[in-house]
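The block underneath contains the structure these notes are about, expressed in structure tokens.
The values are calculated or read from the model by the stated rules, or taken from the named source; none is laboratory data. Everything numeric in this text was worked out from a predicted model, so none of it was measured. Positions of Cβ are backbone-derived with ideal geometry, glycine not excepted, and every protein chain shown enters the neighbour counts.
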Amino acid sequence: MSGPRAFDDVEIGLELPELSRLVTREDVAEYADASGDLNPLHRDEAVARAAGFDGIIAHGMFTMGTLATCVTRWTGDVGALVRMRAAFRSTVSIGDTIVAGGRVRSLDPDARTATLEVWVRLERDGVVEEPIRRSEALVRLS
């Protein structure tokens, strides 16, 4: 897509293209450094295991950032994202592949905005989990 997404080209039920991302130790370490969140659950394998996890876990906001990227790639304009509300439901571990997506839930022609139902899913041991679900984003379209 070139340029911002036009309001007139969007309809209720339209699915956003999904965005997949393999979560690596390097990504989580870089996020920790950039955000200043140096909690050892995100950096130290032994600490994460002692807390009951299988290993280092990604920051919730790292996962939400992937979701925001999915939304802004679809809009074609990083400034189009007005707000996002996310309900965090499960952890994301090193080596997981997260898949962010969404669909248009409603449209406001006067404001030229779309409300999106958004989520992040992953498959772990043959079971689909939703680290982010029942969440929404509001975007302003051209």
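If Val78 satisfies all but one of (1) within 16 Å of Leu122 (Cα to Cα); (2) among the β-branched types (Val, Ile, Thr); (3) without any contact (Cβ under 8 Å) to a residue 40 or more places away in the chain, what's the number of the condition it fails?
Status for Val78: all satisfied but (1).
Can you work out which of the residues in the stretch 118-142 that are assigned to a loop (DSSP other than H, G, I, E, B) and in contact with a helix residue (DSSP H, G or I) (Cβ under 8 Å, 6 or more places away or on another chain) is surrounded by the fewest Cβ atoms within 10 Å (Cβ to Cβ)?
Ser142
Taking the condition more than 12 Å from the chain's Cα centre (by Cα), among the small types (Gly, Ala, Ser) and either surrounded by 13 or more Cβ atoms within 10 Å (Cβ to Cβ) or under 23 Å from Glu130 (Cα atoms) (or both), does Gly95 pass?
The answer is yes for Gly95.
Consider Gly65 carefully, then state whether it is under 20 Å from Ala137 (Cα atoms), of a type outside the set (D, E, K, R), at pLDDT 95 or above and outside any loop (DSSP other than H, G, I, E, B).
Answer is yes for this residue.
Restricting attention to the stretch 105-113, does a residue exist that is within 30 Å of Gly52 (Cα to Cα) and touching a residue at least 40 places away in the same chain (Cβ under 8 Å)?
Looking through the stretch 105-113, none of the residues is within 30 Å of Gly52 (Cα to Cα) and touching a residue at least 40 places away in the same chain (Cβ under 8 Å).
Return the residues of the stretch 1-55 that are β-branched (Val, Ile, Thr), in a loop (DSSP other than H, G, I, E, B) and either touching a helix residue (DSSP H, G or I) at 6+ places or on another chain (Cβ under 7 Å) or over 21 Å from Asp77 (Cβ atoms) (or both); say none if nothing qualifies.
Val23, Thr24 - these are the residues of the stretch 1-55 that are β-branched (Val, Ile, Thr), in a loop (DSSP other than H, G, I, E, B) and either touching a helix residue (DSSP H, G or I) at 6+ places or on another chain (Cβ under 7 Å) or over 21 Å from Asp77 (Cβ atoms) (or both).
So how many residues does the stretch 11-29 have that are surrounded by fewer than 17 Cβ atoms within 10 Å (Cβ to Cβ) and hydrophobic (A, V, I, L, M, F, W, C)?
4
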